[in-house]
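Undergrad: Handing you this structure, nothing more for now.
The values are calculated or read from the model by the stated rules, or taken from the named source; none is laboratory data. Please read all numbers here as calculations on a predicted model, not as lab measurements. Cβ sites come from the backbone with ideal geometry, for glycine too, and all protein chains shown count toward neighbours. Remember, those area values only see protein heavy atoms, side chains included, never the ligands or the DNA or RNA. Shrake-Rupley method; radii C 1.70, N 1.55, O 1.52, S 1.80 Å.
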Amino acid sequence: MTYLAKPKFRHPDIEINELGFSHRDYEGSISTLCAGCGHDSISSAIMRACFELSLPPHRIAKLSGIGCSSKTPTYFLGQSHGFNSVHGRMPSVLTGANLANRELIYLGVSGDGDSASIGFGQFAHAIRRAVNMLYIVENNGVYGLTKGQFSATSDKGSKSKKGIDNPDSPIDLVSIAMQLGATFVARSFSGDKDQLVPLIKAGLEHQGAAFIDVISPCIAFNNHQGSTKSFDYVRAHNAELNTLDFITSQAPIGVDYPEGAAQDVRLHDGSTIRLRKLSADYDVHDRGAAMDHIYRLGRSGEIATGLIFIDDEPSDMHARLGTAKKPLNALADRDIVPGSAALAKINAGLR
Amino acid sequence: MQATDISDPNYFHKVVDCQWACPAHTPVPEYIRRIAAGDYTGAYLINWKSNVFPGILGRTCDRPCEPACRRGRVEEEPVAICRLKRVAADYKNGVAAYMPKPPETKNGKRIACIGAGPASLTVARDLSPLGYDVVVFDGEAKAGGFMRSQIPKFRLPDSVIDEEVGFALSAGAVFHASRRIDSMKALLDEGYDAVFVGTGAPRGRDLDLPGRKEAAANIHIGIDWLSSVAFGHVEAIGRRVIVLGGGNTAMDCCRSSRRLGGEEVKVIVRSGFDEMKASPWEKEDAMHEGIPILNFMVPKTFEHENGRLTGMTFEKVRAEYDDKGRRRLVPTGEADEFVACDDVLVAVGQENAFPWIEADAGIAFDKWGMPVVDEKTFQSSRSNVFFGGDAAFGPKNIIWAVAHGHDAAVSIDAFCRGADVADRPPPLMNLISQKMGIHEWSYDNAIAVDERFKVPTLANDVALKDIRKEVELGFDLKLGYAEAQRCLNCDAQTVFEAKLCIECDACVDICPMDCITFTEDGDEADLRQRLSAPAENLEQAIYIGNGLKTGRIMAKDEDVCLHCGLCAERCPTGAWDMQKSLIEMTHAGHACRSRA
Ligand SMILES: Cc1cc2nc3c(=O)[nH]c(=O)nc-3n(C[C@H](O)[C@H](O)[C@H](O)COP(=O)(O)OP(=O)(O)OC[C@H]3O[C@@H](n4cnc5c(N)ncnc54)[C@H](O)[C@@H]3O)c2cc1C
Ligand SMILES: Cc1ncc(C[n+]2csc(CCOP(=O)(O)OP(=O)(O)O)c2C)c(N)n1
Ligand code: SF4
Ligand code: SF4
Ligand code: SF4
Ligand SMILES: [Mg+2]
């Protein structure tokens, strides 16, 4: 951690977005995580994505559980809404918040312990309910905050810092999310912002349950030889499926790709993600094939990263439940208390 | 790109913008830290070693360091480097004890310096401790050159000159007062091993306009008038004064006039206000004393009646630029303007003059009458004669004169030892880690946005009454400390060790100025556009580290780095370290012989 405050100085030619903000206006307080922690890079990628999308910070709600990863929302988007819940309970709080106010942009930030161990059930239900959110797991294979015990995502055979093999099978959150119906699923690496930032942007724009598993080395407890979540290991085993450019509706990019090498995916707000395929026959729209593909890659010790699956016509919890179109706090009294005649009608319908 | 060679002393020297810009390469951040720590004597001595006249320069330097100062690139105003030098000089204690004493053994070589300005005094200071017998001749009664005869006392009191001229001569150089050299050949015949010419640019330019002769009694050449004022020969001037010219002589003339009875003093320049040679702060000081500066007025005639000056007429012009960007002054067509006055001071430039150097003295002059002098060695076409200061390449300033003096002394020393004069000793560079503990550095890296502090001055009504009363009061200790804290410690260098880097991006993420990028290699022009923030300032280097595991390179734009050390604090492996680069120019002496 750093005791110094980050100076207010900024680059004199710093880039400004449509709202007149620089990326530094998306900062939070200074991180207290270990120097070099992958989580800090993810924070930085989130700030970058929000800056590039010109998102108004006060329209974003960031929610988290417990863990080093779950501490990070303090270190970005200092002007946004935040909720630091109990361990593993972020998905329920996020679901509730989303039910109450559908107009905010929901960002769930969690760890592998928070989501795959204590919060596994919560994670599963938020995904299957299609809560409109971007759910990011900062996956380091350990409980960082409690000093490095193996977490449920730790690979079988991965070594602890003391040299002991993990005996248990790992949970692959990407496969689980696919199975539970997530409509946007990706995996990335904290050390590759070129890949991560566009994924976060696309995930934020996605109108359904979007999930990104970001492998994020724990510099203190899981970056040694024999770990499968270290910088070196991830770099050596990274099987990139695709790289993507996020293209806003206003700014098309003119780069041409050979036939079949690029694929445009239109998003609801009119923006486009342009996928540059690295694996020629990989189809991001085919859930079953995608699951099969990453399963096979995983078996051979490869880590599939990139956009894994996307459903171009996602649905979300509000659509499924037919909830009110407005946030609850924007409903007038007469909408909330419709009067005895309306009540009588409802009661009649239940007889 | 090639990995940056940080063993080249110039690489980090350039990063210390102020030190690089200083002609004498004073280690600025090093002395500013001493001031912040309350060690004024230490701060003074660091200065004294490099620039010989800290108290004088702390009041008068042209301060090329300040426009270069990094703080000016990240905030409005640079650090008040110059006035901090004065703080060191004002509050030092007992520095005389540290001054070199005459050496016990002499080397038997005799050196003559002609003129006792800053250039000659620097040569004398550098050479006499080494055992040279140095004599300094000047036509004036006291040493100091233009520092004493031109710069008005309200900017530079005699006491400051006396002290520092004394230090320069403390190692036994002998000053021969009131000895004007009339013949170079005669001097050479006296058998000196080497002669240094530091006679300045002593002749003021005149303006030959109609009426010049008739009104001569009230038309004065600026530098002659200023020296008469300095020596107390002139004590008054008319009520209405026109000062012609836009350089520092003009500024001193007008401000002196205000103190000698001039009530309506105007500075009038041919071209634009912005193109004037005087420094912005000199113009400000003049205007603050109620002196208007009128521009785009070309002097046409001196008007007179019954042999007395009544005023001047000026043609009004405007600037026009051709496609090559060259400026031309064209008449606006308006009627000429008459400005009434009682006296005119002509401060339109200075010239060199060497009437005392005989054509057959073996010293070549060019077609402009300037001596042919090597720009690095300061040697003339006659191998035992060296030039420096304003005498070498025309009028500059004190700090350049000092820098020339140091270089000439290196040459003279080499020459007298029979070594190759062209062989220049490299500077000394020391790189030392500043890490003291996990979050502790030996310099104060918590930097904040903070505006430049103003130097307190006397109120005009007091200042204008007495031409010998110093107008600037200098920073007091509190202000001096506050201003010192604005220094960014640009000599605390970010040193990158590629083989330790695990490419975690922590430094990239924390850097407040977006200086650091890990990216694919490319040529410099391409790379400059691909960095976290485009690196448009081509004067500033890109620090390249290669040998990273992913095959990418680390590229750091030195331009607006705050030297805050956050990158090093955040680096988990110590791949970044903050290391102080202490760069000292090599002066004449034994050290340079062994350092090479
Ligand atoms: C009005 C004015 C104001 C200035 N203000 C500043 C300022 O604020 N800051 C700044 O940095 N610079 C200033 N300068 C410039 C600065 O004074 C000079 O650049 C500097 O002094 C040059 O130093 P020097 O060693 O070359 O010689 P000088 O200082 O010019 O000294 C030359 C000496 O040689 C003597 N001499 C000449 N010929 C002979 C001879 N034949 N025999 C014996 N002695 C001889 C002269 O009497 C003189 O004392 C100013 C100049 C002027 C005119
Ligand atoms: C209910 C509850 N049980 C246990 C803990 C102890 N605890 C704190 S953080 C943590 C694990 C966090 O792991 P992860 O989500 O992977 O976060 P990381 O620190 O690795 O980023 C645990 C078990 C707790 N705070 N609350
Ligand atoms: S313990 Fe691990 S996860 Fe937690 S801050 Fe340190 S490096 Fe990051
Ligand atoms: S010292 Fe490091 S963190 Fe600070 S501005 Fe310079 S490069 Fe950036
Ligand atoms: S913080 Fe250190 S290890 Fe990490 S990328 Fe920067 S220099 Fe490399
Ligand atoms: Mg974890």
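Undergrad: Sequence-distant or interchain residues sharing an amide H contact under 5 Å with B:G311, placed H: which?
TA: B:E303, B:C341
Undergrad: Which is farthest toward the positive dipole end of the protein assembly as shown among B:A124, A:P57, B:G222, measuring Cα position about the Cα centre, with Cβ charges +1 (Lys, Arg) and -1 (Asp, Glu)?
TA: In the protein assembly as shown, that residue is A:P57.
Undergrad: Which value, in debye to the nearest 20, describes the size of the charge dipole of the range B:492-584 about its Cα centre when Lys and Arg Cβ atoms bear +1, Asp and Glu Cβ atoms bear -1, and nothing else is charged?
TA: Working: 8 positive and 18 negative charges, 73 e Å.
Result for the range B:492-584 is approximately 360 debye, rounded to the nearest 20.
Undergrad: So, in nm, how far is label B:S7 from label A:A330 when the simple model puts each one 7 Å beyond its Cα toward the Cβ?
TA: Distance between label points: 6.7 nm.
Undergrad: Give, as a single signed number, the net charge of other residues whose beta carbon lies under 10 Å from the beta carbon of B:V241, with Lys and Arg counted +1 and Asp and Glu -1.
TA: Numbers: positive: B:R239, B:R240, B:R258, B:K266; negative: B:E263, B:E264, B:D342, B:D343.
The answer is 0.
Undergrad: Given an 8 Å cut-off on Cα distances and at least 6 residues of separation, report the relative contact order of the range B:204-348 as a percent.
TA: Details: 315 pairs, mean separation 46.7, N = 145.
This gives 32 percent for the range B:204-348.
Undergrad: Still on this model: If the only charges are +1 at each Lys and Arg Cβ and -1 at each Asp and Glu Cβ, what is the size of the charge dipole of the protein assembly as shown around the Cα centre, to the nearest 20 debye? Don't skip to the answer; put the middle values down first.
TA: Numbers: 105 positive and 126 negative charges, 427 e Å.
Rounded to the nearest 20 debye, it is 2060 debye.
Undergrad: Summing Lys, Arg as +1 and Asp, Glu as -1, what charge do residues with Cβ under 14 Å from the Cβ of B:L121 carry, B:L121 excluded?
TA: Values: positive: B:R125, B:K142, B:R148; negative: B:D126, B:D138, B:E140, B:D162, B:E163, B:E164, B:D390.
With Lys, Arg at +1 and Asp, Glu at -1, the net is -4.
Undergrad: Using a cut-off of 24 Å between alpha-carbon atoms, which lysines can reach B:K277, once sequence neighbours fewer than 8 places away in the same chain are excluded?
TA: B:K85, B:K153, B:K266, B:K300, B:K316, B:K324, B:K396, B:K454
Undergrad: Further question: In straight Cα distance, which aspartates and glutamates are under 13 Å from B:K580, not counting same-chain residues fewer than 8 positions off?
TA: Correct list for B:K580: B:E30, B:D444, B:D491.
Undergrad: Just to be sure I understand the curve: with the Debye formula and one point per C-alpha of the range A:27-69, what is log10 I(q)/I(0) at q = 0.15, 0.35 Å⁻¹?
TA: Values, matching the q order: -0.43, -1.30.
Undergrad: Points 7 angstrom from Cα along the Cβ direction at A:R351 and B:A319: gap in nanometres?
TA: Distance between label points: 9.4 nm.
Undergrad: With contacts defined as alpha carbon pairs under 8 Å and 6 or more residues apart, what's the relative contact order of chain A in percent? Intermediate values should be presented prior to the final figure.
TA: Numbers: 718 pairs, mean separation 52.8, N = 351.
RCO, chain A: 15 percent.
Undergrad: Separate question: Can you give the accessible area per residue of chain B, in Å², using a 1.4 Å probe?
TA: On the way: 24440 Å² over 596 residues.
Solvent-accessible surface per residue comes out at 41 Å².
Undergrad: Among residues other than A:P73 whose Cβ falls under 13 Å from its Cβ, what is the net charge (Lys/Arg +1, Asp/Glu -1)? Let's see the in-between values first.
TA: Numbers: positive: A:K62, A:K71; negative: A:E27, A:D40, A:D114, A:E138.
Value of the local net charge: -2.
Undergrad: Where is the GNM fluctuation largest for chain A (alpha-carbon springs, 10 angstrom cutoff): A:P167, A:P56, A:P198?
TA: Ranking A:P167, A:P56, A:P198 by mean-square fluctuation puts A:P167 first.
Undergrad: Same structure, new question: Compare the Cα positions of B:L329, B:G307, B:L345 along the charge dipole of the range B:204-348 (+1 at Cβ of Lys, Arg; -1 at Cβ of Asp, Glu; about the Cα centre) and return the one farthest towards the positive end.
TA: B:L329
Undergrad: Let me check against my output: what whole-number percent is the relative contact order of the range A:191-322, with C-alpha pairs under 8 Å and at least 6 apart?
TA: Working: 167 pairs, mean separation 36.3, N = 132.
So the answer I get is 27 percent.
Undergrad: Once Lys and Arg get +1 and Asp and Glu get -1 on their Cβ, which of B:Q540, B:M513, B:M554 lies farthest toward the positive end of the dipole of the range B:492-584?
TA: B:M554
Undergrad: If one takes the longest principal axis of the Cα atoms in chain A, at what angle in degrees, from 0 to 90 and to the nearest 10, does the Cα axis of helix A:38-52 lie?
TA: 50 degrees
Undergrad: Quick one: angle between helix B:248-259 and the longest Cα principal axis of chain B, in degrees between 0 and 90, rounded to 10, please.
TA: Around 60 degrees separate the two axes.
Undergrad: Excluding residues fewer than 8 places away in the same chain, name every one of the lysines whose C-alpha is closer than 21 Å to that of A:K156.
TA: A:K147, A:K229
Undergrad: Calculated FRET efficiency, A:D283 and B:D158, Cβ-Cβ r, R0 60 Å, to nearest 0.05?
TA: Working: r = 89 Å, r/R0 = 1.48.
The pair A:D283/B:D158 has a calculated efficiency of 0.10.
Undergrad: Using only Cα atoms, figure out Rg for the protein assembly as shown and give it as a multiple of 2.2 N^0.38 Å.
TA: Working: Rg = 36.9 Å, N = 947, 2.2 N^0.38 = 29.7 Å.
My calculation over the Cα atoms of the protein assembly as shown gives 1.24.
Undergrad: Give me the number: length gained by fully extending B:S183 to B:Y98, i.e. 0.36 nm times residue separation minus the C-alpha to C-alpha distance, one decimal in nm. Numbers along the way, then the final one.
TA: Working: separation 85, 0.36 × 85 = 30.60 nm, distance 3.78 nm.
This chain segment gains 26.8 nm when fully extended.
Undergrad: Treating only the Cβ atoms of Lys and Arg (+1) and Asp and Glu (-1) as charged, compute the dipole magnitude of chain B about its Cα centre; round to the nearest 20 debye.
TA: Values: 70 positive and 89 negative charges, 249 e Å.
Computed about the Cα centre, the dipole is about 1200 debye.
Undergrad: Turning to a different aspect of this structure: Pick from A:T74, A:T32, A:T183: which residue has the top mean-square fluctuation in a GNM of chain A where Cα pairs under 10 Å get a spring?
TA: With Cα springs under 10 Å in chain A, the top fluctuation among A:T74, A:T32, A:T183 is at A:T32.
Undergrad: Non-local amide H neighbours of B:F175 (under 5 Å, H modeled in plane, Pro and chain starts lacking H): which ones?
TA: B:V136
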